[in-house]
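Asker: Below you'll find the structure I mean.
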Amino acid sequence: MTDVMDFVESPAMALRVDDGFQLASVDPDATPGYTGNKAGGEALLAHQDGKLAELQEKLFAEARFGGFKRVLLILQAMDTAGKGGIVRHVMGAMDPQGVQLKSFKAPTDEEKSYDFLWRIEKEVPAAGMMGVFDRSQYEDVLIHRVHAWAPPEEIKRRYAAINEFEGRLTDAGTKVVKVMLHISRDEQKKRLLARLDNPEKHWKYSTGDLKQRAFWEDYMAAYQAAFDITSTEVAPWYVVPANKKWYARIAVQELLLSALEGLNLEWPKADFDVEAERRLVERS
């Protein structure tokens, strides 16, 4: 049996985007804060599943009795970086009734007729829920900046709107965890070729992925700009090296554990006489 090795430095500290952060200095092959290997990481993921599930249940239970806390995980990445794997292997440990997952695709004509945050605000998690955005409001400053679909002054307005929006979420009791899964261009090529080599994965391949790949450096610059402006005290960014899928999963798991633990959750107190109810049950 593989020994379970914990992080030597919390991902909440090791991966946080602070002043002076440079995306170009992050090694996508690295495992910041973790000195174990793949087997150890997979063992840690399984070991922490129960803890994550318990905290999620406590969050859900609090809300049933008037609690207002919630968590929103925002996942951003280049294609093939592993967002789906995070949802399956990390969020999969949780009770589905307490998870709200939304995958944002290209906006519809109706959505385009409103401000860019309109479709986002409709999907924020309810009290007691673990929300997950697979892509998010950040698409409207990343891809629009890369392809110049919006002028610079509009992009600047959107950065400010995002900060205001996330501030309101935080004020309403939402813990926002923003994660960029950072893979290398070479790793993306390997994953795209692997999809083409496996007929069972052809459905995951999109010719659009290749088109966006041609703008790799532009996207890296767009991410850097987003980090510079929208990594705030109340909603910081975390950049997770993701060439090693097993590391990305345990890092995000630890970020969620830290977020939930920081909410100081408590089991709701019984609003009935426990012993009296026990006697009634025993006589039933």
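Asker: Determine the sum of side-chain charges near R158: Lys and Arg each +1, Asp and Glu each -1, restricted to other residues whose C-beta is under 11 angstrom from that of R158.
Answerer: Working: positive: R145, K156, R157; negative: D115, E139, D140, E153, E154, E164.
Within the 11 Å Cβ shell, the charges total -3.
Asker: Then there's this: On the accessible surface of the chain, probed at 1.4 Å, how many percent belong to carbon and sulfur atoms?
Answerer: Details: 7540 of 14580 Å².
The computed percentage sits at 52.
Asker: I would also like to ask the following. Using square roots of five times the C-alpha gyration tensor eigenvalues, list the equivalent-ellipsoid semi-axes of the chain in whole Å, biggest first.
Answerer: In descending order the semi-axes read 34, 24, 18 Å.
Asker: Once you charge only the Cβ atoms, +1 for Lys and Arg and -1 for Asp and Glu, what is the size of the charge dipole of segment 1-53 about its Cα centre, to the nearest 20 debye?
Answerer: Working: 3 positive and 9 negative charges, 26 e Å.
So the dipole magnitude of segment 1-53 works out to roughly 120 debye.
Asker: Still on this model: Eight or more residues apart or on different chains, and alpha-carbon atoms under 22 Å: count the Lys pairs in segment 19-131 matching that.
Answerer: 14
Asker: Place +1 on the Cβ of every Lys and Arg and -1 on the Cβ of every Asp and Glu in the chain, take the dipole about the Cα centre, and give the residue among V87, A214, L101 whose Cα lies farthest towards its positive end.
Answerer: So the residue we want is A214.
Asker: E275: accessible area at probe 1.4 Å, nearest 10 Å²?
Answerer: 90 Å²
Asker: If one computes the Cα centroid of segment 160-206 and of segment 1-75, what distance in Å separates the two points?
Answerer: Rounded to whole Å, the Cα centres lie 16 Å apart.
Asker: Separate question: Quickly estimate the mean residue ellipticity at 222 nm for the chain, helices only: each DSSP H run with n ≥ 4 gives -39500 (n - 2.57), and the total goes over all residues, rounded to 500. Write out the running numbers ahead of the final one.
Answerer: Working: 12 runs with 136 residues, N = 284.
For the chain, the value works out to -14500 deg cm²/dmol.
Asker: Ok, one more. Can you give the charge dipole size of segment 213-259 about its Cα centre, rounded to the nearest 20 debye, using +1 on the beta carbon of Lys and Arg and -1 on the beta carbon of Asp and Glu?
Answerer: Working: 4 positive and 5 negative charges, 74 e Å.
Roughly 360 debye, rounded to the nearest 20.
Asker: Turning to a different aspect of this structure: Which three extents, in angstrom, do the Cα atoms of segment 1-121 have along their principal axes, listed largest first?
Answerer: Taking the Cα atoms of segment 1-121, the three principal extents are 53, 44, 28 Å.
Asker: At a Cα cut-off below 15 Å, give the aspartates and glutamates reachable from K211, other chains included and same-chain residues fewer than 8 away excluded.
Answerer: Those aspartates and glutamates meeting the cut-off are D79.
Asker: Calculate how steeply helix 152-171 sits against the longest principal axis of the alpha-carbon atoms of the chain, using the helix alpha-carbon long axis, and give the answer as 0 to 90 degrees to the nearest 10.
Answerer: 10 degrees
Asker: Still on this structure, I have one more. Take the alpha carbon atoms of segment 125-284, find their radius of gyration, then divide it by 2.2 N^0.38 Å using N residues; give the quotient.
Answerer: Values: Rg = 21.9 Å, N = 160, 2.2 N^0.38 = 15.1 Å.
Compared with the compact-globule rule of thumb, segment 125-284 sits at 1.45.
Asker: Suppose every Lys and Arg Cβ carries +1 and every Asp and Glu Cβ carries -1, with no other charges. What dipole size does segment 153-284 come out with about its Cα centre, to the nearest 20 debye?
Answerer: Numbers: 22 positive and 22 negative charges, 165 e Å.
Result for segment 153-284 is approximately 800 debye, rounded to the nearest 20.
Asker: When ligands, DNA and RNA are left out and all protein chains stay put, how many square angstrom of accessible area per residue does the chain have with a 1.4 Å probe?
Answerer: Numbers: 14580 Å² over 284 residues.
Using a 1.4 Å probe on heavy atoms only, each residue of the chain averages 51 Å².
Asker: Could you state the angle between the C-alpha long axis of helix 38-64 and the longest principal axis of the C-alpha atoms of the chain, as a value from 0 to 90 degrees rounded to the nearest 10?
Answerer: It is inclined by approximately 60 degrees.
Asker: While we're on this one: Could you go through segment 268-275 in sequence order and give the Karplus-derived ³J(HN,Hα) for each residue, using 6.51 cos²θ - 1.76 cosθ + 1.60 with θ = phi - 60°, rounded to whole Hz, and x for Gly and Pro?
Answerer: Listing the rounded values in order: x, 6, 4, 9, 9, 7, 4, 5 Hz.
Asker: Label Q22 and D271 with points 7 Å out from Cα along Cα→Cβ: what is the distance between them in nm?
Answerer: It works out to 5.7 nm between the two label points.
The values are calculated or read from the model by the stated rules, or taken from the named source; none is laboratory data. Computed from a prediction, not measured in an experiment: that's the story for all the values here. No Cβ is skipped: glycine too gets one built from the backbone with ideal geometry, and neighbour counts run over all protein chains shown. Please note that ligands, DNA and RNA were not included when accessible areas were found on the heavy atoms of the full protein model with its side chains. Shrake-Rupley method; radii C 1.70, N 1.55, O 1.52, S 1.80 Å.
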